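> Before I ask anything, let me first share the structure, which is written out below as structure tokens.
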Amino acid sequence: MPSFDVVCEADMVEVKNAVEQSNKEITTRFDFKGSSANVEQKDKELTLFADSDFQLGQVKDVLINKMAKRKVDVRFLDEGKIEKIGGDKVKQVIKVRNGIETEDAKKITKLIKESKMKVQASIQGESVRVTGAKRDDLQAAMALLRKDIQDLPLAFNNFRD
């Protein structure tokens, strides 16, 4: 029976490359001379450091530009609150989404069931498996998800015929 998985996974290699390129640009830019602005990565968590709120915004802009150039969807980023750390220095933690949360998975399965297509959707951990009798039905389900779920960077993999 044909099936595919709906997933939400960032390419962590490209994220790492974007972070490295951002740090390289930050060290060479004139407006960051003598500041402690940088981006650190630990697993799926990015931490932005800067000397002021304005500079933090600039660091975030550089990071987002580098991610866009490396074709990493910025919808993967969950921005945390800006925190003050000693003196005027500030930091912000940004989490990189990985996997579909339960609420979103339920929304996807509900959308597929309400569409009256001849496919079934089931939640499998951090992904949603969609099965159907025909390949055309699965492709129609993919098109429906691309059109209706705009807030998540969904990808489709594990397509079996």
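The values are calculated or read from the model by the stated rules, or taken from the named source; none is laboratory data. Not measured: the values here are computed from a predicted model. Here the Cβ is made from the backbone with ideal geometry for all residues, glycine too, and neighbour counts use every protein chain on show. What goes into the accessible areas is simple: the full protein's heavy atoms, side chains included, and nothing from ligands, DNA or RNA. Shrake-Rupley method; radii C 1.70, N 1.55, O 1.52, S 1.80 Å.
> Identify all residues within region 135-153 that are open to solvent by 40 Å² or more (accessible area, probe 1.4 Å) and either touching a helix residue (DSSP H, G or I) at 6+ places or on another chain (Cβ under 9 Å) or free of Cβ contacts under 8 Å to residues at least 12 places away in the same chain (or both); write none if there are none.
Within region 135-153, ASP136, GLN139, ALA143, ARG146, LYS147, ASP148, GLN150, ASP151 meet the criteria.
> For the subset of region 27-69 comprising residues that are at pLDDT below 90 and polar (S, T, N, Q), which member is surrounded by the fewest Cβ atoms within 10 Å (Cβ to Cβ)?
Across region 27-69, the extreme among qualifying residues is SER36.
> Let me ask something else. Can THR102 be described as on the phi < 0 side of the Ramachandran plot, open to solvent by less than 80 Å² (accessible area, probe 1.4 Å) and either within 20 Å of the chain's Cα centre (by Cα) or not aromatic (Phe, Trp, Tyr) (or both)?
No, not satisfied.
> Turning to a different aspect of this structure: Search region 122-134 for residues being of a type outside the set (A, V, I, L, M) and within 11 Å of VAL7 (Cα to Cα), and hand back the single one that is least open to solvent (accessible area, probe 1.4 Å).
SER127
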